[in-house]
Amino acid sequence: MTDSETQIPHSKRSRESTRARLLDAAAEVFAEVGLGEASVERICERAGFTRGAFYSNFASKDEMFLELATVVARERVHAVRARIDEISAAGDFNPQDTDVRVIIRALDVVGDDRLSTLLMSEISIRAMRDAEFAAAYLAQVGEVVEEIVQLIDDIVEAENLELRVPSHDAARIIVGVWSDVSARSAMSGLDPDEMAALRTRELGQIVDLVLVRRPQSSA
């Protein structure tokens, strides 16, 4: 293996690390001061890089902002999938169990911190003001919703449940309530435990409305 070949993986890792640090810094700055006040200089200062490092990774602040929207959405889905795996491994999908709120346990890992809530609010505001950004953002939201639909369908089947509405509608309702609770919690200054308790209570009410247990067949 030549020296140049050994340098390629290291160079790629270094670039990925730089990009990730810039995105992490941008998420903090966007959440703290909003998109309008979040300058490239401020993001670079937070990340510890120069403007040159920024522009070697992103064409513009808008491009970075859209990528952040994608990253946040994908991280949410990955967190839910990991929780589903935990529940499955623990054998908690019990058709005889009367607690239908396993779906809440699967979704309550999704971005429950104040920073994520503020960032998503900034993303939503930008999407409402910019048609091009909105189209890209809505496409990402659609992808995430479809993945959550599959998760809901899996839970419904495993828990011997039925949906009173189509699973796509159920996903949007549940995600919408989750987003509303997160926003109100951030406004109220609730800590993560208080936010989780409020989300569990309100999502529980929604789950009770959209889910019903299938009647057990007589042997």
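Bear in mind these aren't lab numbers, they're just calculated from the coordinates by the rules spelled out. From a predicted model like this one, the values you see are computed outputs, not experimental measurements. Glycine gets a Cβ as well: all are built from the backbone with ideal geometry, and neighbour counts include every protein chain shown.
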Handout entry: Kirkwood hydrodynamic radius (C-alpha pairs) into Stokes-Einstein, the stretch 116-204, 25 °C and 0.890 mPa s, D in µm²/s
Key = 168 µm²/s
Problem - Relative packing of 64-77, 189-202, which averages over residues the other C-beta atoms within 10 Å, highest first - result: 64-77, 189-202
Practice task
Using the charge dipole of the stretch 141-219 (Lys, Arg: +1 at Cβ; Asp, Glu: -1 at Cβ; taken about the Cα centre), state which of ILE206, ALA170, MET195 has its Cα farthest towards the positive end.
Solution key: ILE206
Handout entry: the stretch 113-192 - charge dipole about Cα centre, Lys and Arg +1 at Cβ, Asp and Glu -1, debye rounded to 20
Key = 500 debye
